[in-house]
Amino acid sequence: MSTHAENLKFRLMTIELLQIAKSKYTYRELSAKTKLPVTVLSRYAKGHVLPNIARAHELWKTLSKLVGLESEILRRIQFDENGYFDNTSIVGDHSILHQAAQYALAAFAGRRITKVLTAAVDGIPLATMVANALGVDLAIAKCNKEVGVKSFIEETYVLKNSGVTVTFYLPRAALKKRDSVLIVDDTIKTGEAQEMLVNMAYKAKADISGLFSLIAVGDEWEKRLKLPEGCVVEIIARVNPPPPSEVG
């Protein structure tokens, strides 16, 4: 995507975020938060005029805190007695995914990204929204080989504490040597699945530009991932794993 087109899309998505904020706050309240006149905010929200790129970034920084995507995600995370949580209400919520895609556009604006890479299945909705926001294609690693695909990149990993191996397959044509990849997943726990995606990108000889996720549990996963220097990691909501005494 060209810089001009990228900037225009970001400015438009900032207006969408303003419209979301407008459903929760009055113009007077938003004016106090953003330091912009009510009349200016009204013109932005109604689509009569677009903010320039510098003001769009300022607005985004303020509005993203007001809308509270992080707090909304954290509110929905409830660990069970085994230390797991149900992410259905998160990965299936269009509003959350839409706001997350806006977050990714802001976080990775200006970086060279030609492909979004994710793994089936829960990562697909978020990755699709992010790829659409960035205007790039989506590559999906799956746990089975699709009929009609001649060649795959394969990667196998062992599920933590289970001894069970899982193999994923990515059509070799999905990633090219000159691709710059953004790895996207809904949740990072142990880092095994994301490490698998990183290794697939390396096997394709593609560059890894960034890693993006809605949720990350703890920080042990960071030690697993061998990300290249300069790779940007963006996590919307970080949570601590439940203490052992609360599990089991």
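Going residue by residue through region 77-92, is there one that turns out to be within 14 Å of the chain's Cα centre (by Cα), closer than 18 Å to Arg11 by Cβ, aliphatic (A, V, I, L, M) and outside any loop (DSSP other than H, G, I, E, B)? No, there is no match, as no residue in region 77-92 is within 14 Å of the chain's Cα centre (by Cα), closer than 18 Å to Arg11 by Cβ, aliphatic (A, V, I, L, M) and outside any loop (DSSP other than H, G, I, E, B). All conditions in (1) of a type outside the set (Asp, Glu); (2) farther than 17 Å from Gly191 by Cα; (3) touching a Lys or Arg at 6+ places or on another chain (Cβ under 9 Å) hold for Lys160, with the sole exception of (2).
Conditions tested, residue by residue: (1) at pLDDT below 95; (2) not small (Gly, Ala, Ser).
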{"site": "Val164", "(1), (2)": "yes, yes"}
{"site": "Phe212", "(1), (2)": "no, yes"}
{"site": "Glu222", "(1), (2)": "yes, yes"}
{"site": "Lys226", "(1), (2)": "yes, yes"}
{"site": "Glu234", "(1), (2)": "no, yes"}
{"site": "Gly248", "(1), (2)": "yes, no"}
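When Met200 is tested against (1) at pLDDT below 95; (2) part of a helix (DSSP H, G or I); (3) not polar (S, T, N, Q), exactly one condition is not met: (1). Residues in region 202-217: is at least one farther than 24 Å from Gln99 by Cα, of a type in the set (Gly, Ala, Ser) and out of contact with any strand residue (DSSP E or B) (no Cβ under 9 Å at 6 or more places or on another chain)? Scanning region 202-217, I find no residue that is farther than 24 Å from Gln99 by Cα, of a type in the set (Gly, Ala, Ser) and out of contact with any strand residue (DSSP E or B) (no Cβ under 9 Å at 6 or more places or on another chain), so the answer is no. Taking the listed residues Val91, Val116, the one that is under 21 Å from Ile140 (Cβ atoms), surrounded by 16 or more Cβ atoms within 10 Å (Cβ to Cβ) and in the same structural domain as Pro241 (by TED's automatic domain parsing) is Val116, with no other qualifying. Restricting Ile153, Ile208, Ile188 to residues that are in the same structural domain as Lys115 (by TED's automatic domain parsing), surrounded by 13 or more Cβ atoms within 10 Å (Cβ to Cβ) and over 22 Å from the mean Cα position of the chain (by Cα) narrows the list to Ile153.
Looking at (1) at pLDDT 95 or above; (2) in contact with a Pro (Cβ under 8 Å, 6 or more places away or on another chain), find the lone condition where Ala173 falls short. Against the list (1) at pLDDT 95 or above; (2) in contact with a Pro (Cβ under 8 Å, 6 or more places away or on another chain), Ala173 comes up short only on (2).
Among the residues of region 1-30, those that are assigned to a helix (DSSP H, G or I) and farther than 21 Å from Leu97 by Cβ comprise Thr3, His4, Ala5, Asn7, Leu8, Tyr27, Arg28, Glu29, Leu30. Would you confirm, using the coordinates I've provided, whether Val147 is free of Cβ contacts under 8 Å to residues at least 12 places away in the same chain and outside any helix (DSSP H, G or I)? Yes: the conditions hold for Val147. For region 60-71, the condition holds for no residue, the condition being that it is over 20 Å from Gly110 (Cβ atoms), without any contact (Cβ under 8 Å) to a residue 24 or more places away in the chain, in contact with a strand residue (DSSP E or B) (Cβ under 9 Å, 6 or more places away or on another chain) and surrounded by 14 or more Cβ atoms within 10 Å (Cβ to Cβ).
The values are calculated or read from the model by the stated rules, or taken from the named source; none is laboratory data. In this text the structure is predicted, and so the values were computed from the model without any measurement. Note: ideal-geometry Cβ built from the backbone for every residue, glycine included; neighbour counts use all protein chains shown.
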